[in-house]
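The values are calculated or read from the model by the stated rules, or taken from the named source; none is laboratory data. Because the structure is a prediction, the values reported are computed rather than measured. Note that each Cβ is placed from the backbone with ideal geometry, even for glycine, and that neighbours are counted across all protein chains shown.
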Amino acid sequence: MELRHITKRYLENDVLAVRDVSLALHAGEIHALIGENGAGKSTLMKIAAGLLPEYDGEVKSDAGKVCRLVQQHPQFIPQHQVWENLFLGIEPRTRWGMIDQDAAARRFSALAGRYAFPVEPRMRAERLSAAQAQLAAILGALLHNPDILILDEPTAPCSDHETALVFGMMRDLRNDGRAVVLITHKLREVMEISDRITIMRHGRVVRTLLTADTNPGELSSLMIGEDCQRSESDRRFSFARRDSGTTARTPLTDQQDPATAAQQTSPPPSLRAVDPAQPVFELLKVSLVRRGRMLLENLDLRLYPGEILGITGIRENGLEYIEDILSGSAEPSSGEVRIQGNLPTRYTPRVFRKLGLAYIPTDRLMRGASLSSTVEDNMILLERKRFGRGGLLNRRASASFSAALQQKFGITAVLGKPMHTLSGGNMQKVILSRELSQNSPVVVFSEPSWGLDFRSSQRVHDEILRLSAEGVGIILISSDIDEILSLADRIVVMYKGSFARTLHGSDRVRDTIGGLMLGIESEMSLAAPEDHNHDSSKEPGQ
Amino acid sequence: MSQSQPDSRMQVAVATIGAALLLTVLLLISVSSTPYAAVRAFFIGPFSNRFYLGNMLNVFSMLSITGLGMAVAFRAGVFNLGGEGQVYVSALTATVAGIALASLPALLGLPIALLVGVFTGAVIAGLSGLFRHLWDTDELITSFLIASASIPIVDYLIVGPLNDQASNLLTTERVPLAFRLPRLLAPSQLNPTLIIALLLLAAAYVALFRTVRGYEWRLSGLNRQFARYGGIHTGAYIVFPMLVSGALHGLAGGLFVYGTHYATLVGFTAGLGWNGIAVALIAKRHPLGVVPAAAAFAYLESGARIAMLHTDFTFELGTIIRAVIFLFVTASVLPKLGISTRVGRSIRLLFRGGSA
């Protein structure tokens, strides 16, 4: 199969996901496709598999060749049995035209047995573990006897054992003369299994090379991009102020350096009546276990007033869980959370807010906004009590409050219209305006610039810097390394549910972060050997 | 789709009723031997005299209350599927209370009797809300099961221990004369329930759309995750709406006794609760929408009843017409509410017993 000059623009959000990409897939080869989040890997492969009908360019493949894509997070009808899910549309029939359940189950079992996948055909889909669901989905694709099999992050939910089973299956297909494409973040797996590697960044193919000719370090820097030099000097300059080098920043360090502070667009720091040496937010040995899986392990974290603490990593490595813990949306299985020194009475957003937390969630559509409510109703969420007069909602007061927020944040919207009429950028501004209207001492931002264009995300970043200058403690969860690097004073890298390392000052180097995110130690990180902690021992075989 | 503008929703409602009417006419014409008389009785009948008009208005008031009871629950995103049973049980407890308190002056005894009904309905429905909050059981199923289980118990009590020996009917004793609500348009059944219903609708509108609690209530229904994120006590907005919904059904039960029948008869609720669901759905869960929705429903029901009296229109035909309307309504509304999957899942659970 050959892809020629493929370009794909998503009309809904006007994102150019894939730009003029050409790629050839050969039979009898395992081809790895790697790149950061949003690099366009999944979109490109959906086009290859014929799942996205509208694109520019050409997909050439021999007639009769079957191409199947196993998507990330496979979906099943939960109440149906595994075989019912997978044989949909290709059900074997009995003589009488009825569905031949036994034949289907036999065929499935034979296939599962061949690769030793531990999945039963008659299990109900809702009982499958995440790894079993992944294996079942792969088997579902194999039932179609594909000439080209595309796997999108197939090992994300898998243990080492299951990963080995998947790899065995992939080798088997390759030896059978079929083409296999593996989309992944994990460089270790790429090095182990693939024959050729294509690296994508920002919708383009950076390079295609033979696995034998490369090493993880080179791949990591290709993925993350050499263009990080582009504005590194600017950043260094603007962050001279923030590079305190210690975890606790005192107001003195801010004031000592008025010259660089003046370079900032934000106003000079005017700390409130907070003790800068007292953490405003703490995690103490926090773990989160669900269904026997350790999702977050033994996390410790301290946030001081005026500090921007960046948490980064690949999203599947626990970023969404730490977001839930930090915002009170989930209760830790062990350990404790303290906000301004106080233990929450219960782990709910309600209590966390009362203790002084504001929170801009990743999921703006479901958690951050009520799409069918009016813009005004979305804005007054946190101030609703203030507009109550004898139980009645004072609409005049709430309207002028919303109008003021609209003006302050430059939101283009009609306040009386439903929230879903807004663009993504304006929606995020509504959420920001609401959360920041509380003057909370701690603000958690999760992926604040996802889906925003350059200007909108710039505004969000300015807002974060302004808050920090005012002495607000900020936790910035982001899988975007550029964003983290340009904003955070300290950077915590998550890998497999743990904090792999905390970086501050001059350690905040792109390659080091990239390596830690991917679970490999790149050469760059050797520059700071004293920072090696016990977590690096978790990575055998590197 | 996201295009749920008021005018297009209006169109759907009108089209739904229109389609149901058209089908009714077709049925009448094809089945009846005197189609002209049947159609005339069906459509003109309800307005032909005081008796029919008053009865239609009475049906309207009852349906308004049960419809509102459903609408307030839907607004909070909870589902009370036990309205029918709640009306029935509450009617009985209100009847028993009234008979027991016969010695009290009416101004004291009647409110207490009605409050007993309100309380009964609130407790029955509130239990389902509480179970959902505590154990995450589906309130849609528990409310249905609790109410369904209580209906035969009430049946037994009426024909058994509480039966009126003096009557040949399957009924309780009649409530004290002094407690009975006056008739407004004699000889029809119309009574002050109509005024109470209209006041309740207005009050519900203000409470839902003009108060802080109402804001939290609606937000919990629109997007529970968002409401929780905003610090709203979403657990309370599961239990409380169920309580209110049950209370309204309880009040409907009490008023049905003291305004219309003066006793609890076996099966006398005849779909008040179920039709309340249809009314709430046609009304798009809006208290003010309940007025036209209940009016349309009451009109069709009265028309069927009158056609039955005057022509060869049969009881079954009336049932079919009601079923047709219900089908149209649910088909057009449920997918929009995003609850069809939930209802489907629940129905399947009910009938398959969750077998593997």
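Which ones in the range B:215-233 are facing chain A (nearest Cβ under 9 Å) and surrounded by 20 or more Cβ atoms within 10 Å (Cβ to Cβ)?
If the condition is that a residue be facing chain A (nearest Cβ under 9 Å) and surrounded by 20 or more Cβ atoms within 10 Å (Cβ to Cβ), then B:Y215, B:E216, B:R218, B:L219, B:N223, B:F226, B:A227, B:R228, B:Y229, B:G230, B:G231, B:I232 are the ones that fit.
From the list A:M200, A:M223, the one residue that fits, being crowded, with 18+ Cβ neighbours inside 10 Å, touching a helix residue (DSSP H, G or I) at 6+ places or on another chain (Cβ under 9 Å) and at pLDDT 85 or above, is A:M200. Only one entry in A:S457, A:S498 is more than 14 Å from chain B (Cβ to nearest Cβ), closer than 23 Å to A:I339 by Cβ and not hydrophobic (A, V, I, L, M, F, W, C), namely A:S498.
Looking only at the range B:186-209, decide whether some residue is within 11 Å of chain A (Cβ to nearest Cβ), surrounded by fewer than 19 Cβ atoms within 10 Å (Cβ to Cβ) and not in a helix (DSSP H, G or I). If you could, list the steps in order and put the result at the bottom.
Within the range B:186-209, the subset within 11 Å of chain A (Cβ to nearest Cβ) is B:206-209.
The next check asks that each one be surrounded by fewer than 19 Cβ atoms within 10 Å (Cβ to Cβ); those that pass are B:206-207, B:209.
Then keep just the ones that are not in a helix (DSSP H, G or I); that gives none.
No: zero hits.
Applying the condition of being within 14 Å of another protein chain (Cβ to nearest Cβ) and under 17 Å from the mean Cα position of the chain (by Cα) to the range A:321-340 and asking which residue is surrounded by the fewest Cβ atoms within 10 Å (Cβ to Cβ) yields A:D324.
Kindly establish whether A:S398 is within 21 Å of the chain's Cα centre (by Cα) and surrounded by fewer than 23 Cβ atoms within 10 Å (Cβ to Cβ). Show your work before the answer.
On the way: within 21 Å of the chain's Cα centre (by Cα): no; surrounded by fewer than 23 Cβ atoms within 10 Å (Cβ to Cβ): yes.
When the stated conditions are applied, A:S398 does not pass them.
Scan the range B:1-26 and report the pairs whose first residue is within 14 Å of chain A (Cβ to nearest Cβ) and farther than 13 Å from B:A283 by Cα and whose second residue is surrounded by fewer than 18 Cβ atoms within 10 Å (Cβ to Cβ) and at pLDDT 70 or above, with Cβ atoms within less than 6 Å and a gap of 6+ or a chain change. Filtered contacts from the range B:1-26: B:S2/A:H420. Residue check: A:M366 meets all listed conditions (1) farther than 22 Å from B:A204 by Cα; (2) of a type in the set (A, V, I, L, M, F, W, C); (3) buried (at least 21 other Cβ atoms within 10 Å of the Cβ); (4) at the interface with another protein chain (Cβ under 7 Å from one of its Cβ atoms) but one, namely (3). The condition (being more than 28 Å from A:C158 (Cα to Cα) and in contact with a Cys (Cβ under 8 Å, 6 or more places away or on another chain)) is satisfied by just one residue among A:S61, A:S22: A:S61.
Considering (1) within 14 Å of another protein chain (Cβ to nearest Cβ); (2) surrounded by 15 or more Cβ atoms within 10 Å (Cβ to Cβ); (3) not β-branched (V, I, T), the lone condition that A:P78 does not fulfil carries the number (2).
Got at least one residue in the range B:291-309 being facing chain A (nearest Cβ under 10 Å), modelled with pLDDT under 90 and either part of a loop (DSSP other than H, G, I, E, B) or more than 25 Å from A:G390 (Cα to Cα) (or both)?
Filtering the range B:291-309 for residues facing chain A (nearest Cβ under 10 Å) gives none.
Scanning the range B:291-309 turns up no residue that is facing chain A (nearest Cβ under 10 Å), modelled with pLDDT under 90 and either part of a loop (DSSP other than H, G, I, E, B) or more than 25 Å from A:G390 (Cα to Cα) (or both).
Taken over the range A:369-395, the residue count meeting the criterion of being within 21 Å of A:P441 (Cα to Cα) and more than 7 Å from chain B (Cβ to nearest Cβ) is 4. Cβ-Cβ distances below 9 Å connect no pair with a first residue in the range A:161-180 that is outside the structural domain of A:Y115 (by TED's automatic domain parsing) and among the charged types (D, E, K, R), a second residue that is surrounded by 15 or more Cβ atoms within 10 Å (Cβ to Cβ) and part of a helix (DSSP H, G or I), and a separation of six or more residues or different chains.
Go through A:L422, A:L343 for me and flag whichever is away from chain B (no Cβ under 11 Å) and surrounded by 21 or more Cβ atoms within 10 Å (Cβ to Cβ). Before you say what the answer is, go through the steps one by one.
On the way: A:L343 fails: surrounded by 21 or more Cβ atoms within 10 Å (Cβ to Cβ).
One residue alone meets the criteria, A:L422.
Count of the range A:107-128 residues, restricted to those that are surrounded by 17 or more Cβ atoms within 10 Å (Cβ to Cβ) and under 18 Å from A:R293 (Cα atoms), is 1.
Residues in the range A:95-103: is at least one surrounded by 16 or more Cβ atoms within 10 Å (Cβ to Cβ), small (G, A, S), in a helix (DSSP H, G or I) and out of contact with any Lys or Arg (no Cβ under 6 Å at 6 or more places or on another chain)? Within the range A:95-103, not a single residue is surrounded by 16 or more Cβ atoms within 10 Å (Cβ to Cβ), small (G, A, S), in a helix (DSSP H, G or I) and out of contact with any Lys or Arg (no Cβ under 6 Å at 6 or more places or on another chain). Might you let me know whether the range A:351-360 holds any residue that is surrounded by fewer than 16 Cβ atoms within 10 Å (Cβ to Cβ) and away from chain B (no Cβ under 12 Å)? Checking the range A:351-360: not a single residue is surrounded by fewer than 16 Cβ atoms within 10 Å (Cβ to Cβ) and away from chain B (no Cβ under 12 Å). The residues of the range A:131-152 that are over 19 Å from A:W83 (Cβ atoms) and in contact with a Lys or Arg (Cβ under 9 Å, 6 or more places away or on another chain), listed by number, are A:D147, A:I148, A:L149, A:I150, A:D152. The single condition from (1) over 29 Å from the mean Cα position of the chain (by Cα); (2) modelled with pLDDT of 80 or more; (3) surrounded by fewer than 13 Cβ atoms within 10 Å (Cβ to Cβ) that A:G64 fails is (2). Between A:G306, A:G310, which is at pLDDT 65 or above, in a loop (DSSP other than H, G, I, E, B) and crowded, with 18+ Cβ neighbours inside 10 Å? Matching residue, one of A:G306, A:G310: A:G306.
Do you know which residues across the range B:98-108 are surrounded by fewer than 24 Cβ atoms within 10 Å (Cβ to Cβ) and part of a helix (DSSP H, G or I)?
The first filter runs over the range B:98-108 and keeps only residues surrounded by fewer than 24 Cβ atoms within 10 Å (Cβ to Cβ), leaving B:99-108.
Result: B:I99, B:A100, B:A106, B:L107, B:L108.
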